[in-house]
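The values are calculated or read from the model by the stated rules, or taken from the named source; none is laboratory data. Predicted model only: the values in this text are computed from it and were never measured. Counting neighbours? That spans all protein chains shown, and the Cβs are built from the backbone with ideal geometry, glycine included. All accessible areas refer to the heavy atoms of the entire protein, side chains included, with ligands and DNA or RNA removed. Shrake-Rupley method; radii C 1.70, N 1.55, O 1.52, S 1.80 Å.
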Amino acid sequence: MSHLTVVKTKMMALKWIKKALKDLGFTVQEGKLEVVDYYHKAAKVELKATGNNCPHPIGFAKKGKAYEIVADWYEMPFSQTNFTDRLTQRYAYHAARETLQEHGFSLVLEEKQGQAIHLRVAGPGGYCG
């Protein structure tokens, strides 16, 4: 029996996954690694997140163009859905910020409204809203 669950994502850039995990308070290791579940069943991963009061590490394995989350959610201090939602938001935040900067935009204002993050940017021609 295994507690390991695989969650498909649309996250393709490991650099933004690492930044998002660090934002959420995790320590990140990269390389040829394994995550182990409650029953000591192992799965190979390329990225492993530990800490944040989690009894088991959370892994990331590349499947096609995107990464899958591989984890044992038993005794975790948060749900799989809550973790995935928060990680996806932080991933999108870093992806947007870096992509905008690469295209010559600069951040004018960043606002949090509830769970939403609003970015106001200015391009080479001025304010964009």
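Tell me, what ³J(HN,Hα) does each residue in the range 84-90 have, in order and in whole Hz, if you take phi through Karplus 6.51 cos²θ - 1.76 cosθ + 1.60 with θ = phi - 60° and put x for Gly and Pro?
4, 5, 5, 5, 4, 5, 5
Using a cut-off of 10 Å between beta-carbons, work out the net charge of the residues near HIS3 (Lys and Arg +1, Asp and Glu -1, HIS3 not included). All intermediate terms of the calculation are to be shown ahead of the outcome.
Values: positive: LYS41; negative: ASP37, ASP72, GLU75.
My count for the surroundings of HIS3 gives -2.
Using a 1.4 angstrom probe on the protein heavy atoms only, line up LEU109, LEU14, LEU87 by accessible area, largest first.
Values: LEU109 65, LEU14 25, LEU87 0 Å².
Correct descending sequence by accessible area is LEU109, LEU14, LEU87.
Of the candidates GLU111, GLU68, GLU30, which one comes out as most mobile in a Gaussian network treatment of the chain with C-alpha springs shorter than 10 Å?
Comparing GLU111, GLU68, GLU30 in a Gaussian network model of the chain, the most mobile one is GLU111.
Pulled fully out, how much extra length does the chain show between GLU98 and HIS40, if you take 0.36 nm times their separation in residues and subtract their Cα-Cα distance?
Numbers: separation 58, 0.36 × 58 = 20.88 nm, distance 3.85 nm.
Extending this stretch completely gives an extra 17.0 nm.
Once each part is reduced to its C-alpha centroid, what is the distance from the range 77-122 to the range 1-71 in angstrom?
Each part's Cα centre sits 20 Å from the other's.
Farthest toward the dipole's positive end in the chain, which of ILE58, ALA122, GLY25, given Cβ charges of +1 (Lys, Arg) and -1 (Asp, Glu) about the Cα centre?
Towards the positive end, the residue furthest out is ALA122.
Using a 1.4 angstrom probe on the protein heavy atoms only, line up PHE105, PHE78, PHE60 by accessible area, largest first. Mind dumping the intermediate values first?
Working: PHE105 65, PHE78 35, PHE60 0 Å².
If we order PHE105, PHE78, PHE60 from most to least accessible, we get PHE105, PHE78, PHE60.
Using a Förster distance of 41 angstrom, determine the FRET efficiency expected from the C-beta separation of ARG120 and LYS8, and round it to 0.05. Present the calculation step by step, with values, prior to reporting the outcome.
On the way: r = 32 Å, r/R0 = 0.79.
Between ARG120 and LYS8 the formula returns 0.80.
What angle, in degrees between 0 and 90 and rounded to the nearest 10, separates the Cα long axis of helix 14-23 from the longest principal axis of the Cα atoms of the chain?
Taking Cα atoms only, the helix is inclined about 90 degrees.
So, with +1 on the Cβ of K and R and -1 on the Cβ of D and E, and no other charges, what is the size of the charge dipole of the chain about its Cα centre, to the nearest 20 debye?
Numbers: 18 positive and 13 negative charges, 63 e Å.
The calculated dipole for the chain is roughly 300 debye.
Sequence-distant or interchain residues sharing an amide H contact under 5 Å with THR5, placed H: which?
ALA71, ASP72, TRP73
Would you list VAL121, VAL36 from the most to the least accessible area, probe 1.4 Å?
Working: VAL121 20, VAL36 55 Å².
Sorted by accessible area, descending: VAL36, VAL121.
A 26 angstrom limit on the alpha carbon distance is what I want to check against. Which of LYS44/LYS65; LYS62/LYS112; LYS10/LYS32; LYS18/LYS63; LYS44/LYS112 exceed it?
Table pairs above 26 Å Cα-Cα are LYS62/LYS112; LYS44/LYS112.
Would you mind counting up the charge near LEU119? Only other residues with Cβ under 14 Å from its Cβ, with Lys and Arg at +1 and Asp and Glu at -1.
Details: positive: ARG90, ARG97, LYS112, ARG120; negative: GLU98, GLU110, GLU111.
That works out to +1.
Evaluate E = 1/(1 + (r/R0)^6) for PHE78 and GLU110, where r is the Cβ-Cβ distance and R0 equals 35 Å; express this FRET efficiency to the nearest 0.05. The partial results should precede the final answer.
Working: r = 25 Å, r/R0 = 0.70.
Result of the calculation: an efficiency of 0.90.
When the accessible area of the range 1-56 is computed with all protein chains present and a 1.4 Å probe, what percentage of it is carbon and sulfur? Don't jump to the answer; show the numbers that get you there.
Numbers: 1790 of 3500 Å².
The nonpolar share, carbon plus sulfur, comes to 51 percent.
So what is the 222 nm mean residue ellipticity for the chain from helices alone, if each DSSP H run of at least 4 adds -39500 (n - 2.57) and you divide by all residues, rounding to the nearest 500 deg cm²/dmol?
Numbers: 2 runs with 33 residues, N = 129.
Calculated mean residue ellipticity at 222 nm is -8500 deg cm²/dmol.
Calculate, axis by axis, the spread of Cα positions in the range 18-78 along the three principal axes, and write the results as whole Å, longest axis first.
30, 28, 17
What percentages make up the Cα-Cα pair-distance distribution of the chain when the bins are 5 Å wide from 0?
The calculated distribution, bin by bin, is 2, 10, 18, 21, 16, 11, 8, 6, 3, 2, 1, 0.
Express in Å², to the nearest 10, the accessible area of TRP73 obtained by rolling a 1.4 Å probe over the protein heavy atoms while all chains stay in place.
Its heavy atoms expose roughly 40 Å² to the probe.
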